[in-house]
Amino acid sequence: MAKEIVILSGKGGTGKTSLSASFAMLADNPVIADCDVDAANLHLLLDAKTEEDYPFVSGHVAVIDAALCTGCARCVRYCSYDAIDRDGRIYRVDPIRCEGCALCLKVCPSAAIDFPESECGRWMVSSTKAGPMVHAHLHPGAENSGKLVTLVRKEASNLSDTLGKDIIISDGPPGIGCPVIASMTNTDMVVLVTEPSLSAIHDVERVIRLARSFGIPLVGCINKADIDLELSNDIKNLFSEAGVSYAGSVDYDEQIVKAQVLGLSPIELVGKKTIKQIEHIWESIWNMM
């Protein structure tokens, strides 16, 4: 089975996706997974070309049959989410507000409400310049992001088995919520990308505690390390005290931002110094695997 590495950050804006794209380019033809289904953007840096596209169906949303509706408004009175509005004599359900609790279905005296499954998003298989990728996006306001993350990881694993790949590189979502938990469960390693800021240190501590609760090996690295060398040193000490292996750091480089604007992974544009720093981190991660 392929080894799976998930790159996490605890917060947005640390450079997690930029480093994930670089690691994908440096790895030996991996399978790539973008588990940030609420705001997927790894495909923008890897020139992804969608080859397969599927609906993600999960949960239910109420639908009112105008032909059967008598206008009694019981559904309106009982709905706790104000999801049902009147349009003339016809009642309609707002799919964004509907939480899928099905109470309206139970109280409707004329059986005018149906409760079909809802398409919450799409998931895709794409070809990229670094290898095949599985990615997805939720529709605005849709739920079950954790379930969609699990689906993305499952399909990436199936793809790695089919193609005989040795490694899966997953770009995880920020934070420590349900999508993060779904992205790290049963992975072989968590790579924690952080930056030298006080908020980042707080988020690093939360991700460490979360990963430790799952017993997953942790590797840490620091992006934009030279913008505050004192805080970078504090983070290194935090890693050491928490038993987190330190893989290295990358200094601030404006070319990384430029690469994002151009739709490139950083190692396709940055200078030799930054390339060496990123290569060192990847080699350290691979050796620890």
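No value in this document is a laboratory result; all are computed from the given coordinates. In this text the structure is predicted, and so the values were computed from the model without any measurement. Glycine also receives a Cβ, built like all others from the backbone with ideal geometry; neighbour counts cover every protein chain displayed.
See the values below:
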{"read-out": "Ordering of 99-105, 187-193 by packing [mean C-beta count within 10 Å, highest first]", "value": "187-193, 99-105"}
{"read-out": "Between 0 and 90°, nearest 10: helix 16-26 axis offset from the chain longest Cα axis", "value": "60 degrees"}
{"read-out": "Phi-based couplings in Hz for the stretch 136-142 (Karplus 6.51, -1.76, 1.60; Gly and Pro marked x)", "value": "7, 8, 7, 5, x, x, 6"}
{"read-out": "Kirkwood-Stokes translational diffusion coefficient of the stretch 56-148, alpha-carbon pairs, 25 °C, 0.890 mPa s, µm²/s", "value": "165 µm²/s"}
{"read-out": "Candidate aspartates and glutamates - alpha carbon under 20 Å from Lys276, same-chain residues fewer than 8 apart omitted", "value": "Asp28, Glu195, Asp226, Asp251, Asp253, Glu254, Glu268"}
{"read-out": "Semi-axes of the equivalent ellipsoid for the stretch 62-115, Cα gyration tensor, largest first, Å", "value": "15, 12, 10"}
{"read-out": "Lys276/His139 FRET efficiency (R0 41 Å; Cβ-Cβ; nearest 0.05)", "value": "0.45"}
{"read-out": "Two-decimal log10 I(q)/I(0) for the stretch 164-289, as the Debye equation yields it once each C-alpha is a single scatterer, q = 0.09, 0.16 Å⁻¹", "value": "-0.26, -0.86"}
{"read-out": "Cα centre as origin, Lys/Arg/Asp/Glu Cβ charges: the stretch 180-245 dipole, Debye", "value": "280 debye"}
{"read-out": "Rounded to 10°, Cα long-axis angle of helix 229-242 versus longest principal axis of the chain", "value": "80 degrees"}
{"read-out": "For His139, residues with placed amide H under 5 Å, excluding near neighbours", "value": "Gly121, Arg122"}
{"read-out": "Full-stretch length increase - Asp87, Arg74 - with 0.36 nm per residue and alpha-carbon distance subtracted", "value": "3.1 nm"}
{"read-out": "The chain - mean residue ellipticity at 222 nm from DSSP helices (-39,500 (n - 2.57) per run, n ≥ 4, rounded to 500)", "value": "-11000 deg cm²/dmol"}
{"read-out": "Rounded to whole Hz, the Karplus (6.51, -1.76, 1.60) HN-Hα couplings of the stretch 60-72, x for glycine and proline", "value": "9, 10, 5, 9, 9, 7, 4, 5, 9, 5, 9, x, 6"}
{"read-out": "Alpha-carbon Rg/Rh ratio, for the chain, with Rh computed the Kirkwood way", "value": "1.09"}
{"read-out": "Farthest toward positive dipole pole in the chain [+1 Lys/Arg, -1 Asp/Glu at C-beta], among Trp123, Leu262, Asn144", "value": "Asn144"}
{"read-out": "Cys with no candidate disulfide partner in the chain (beta-carbon separation under 4.7 Å rule)", "value": "Cys35, Cys69, Cys72, Cys79, Cys98, Cys101, Cys108, Cys120, Cys178, Cys221"}
{"read-out": "Pair Met288, Tyr54: separation of 7 Å Cα→Cβ label points (nm)", "value": "3.3 nm"}
{"read-out": "Gap separating the Cα centres of the stretch 18-82 and the stretch 171-200, nearest whole Å", "value": "20 Å"}
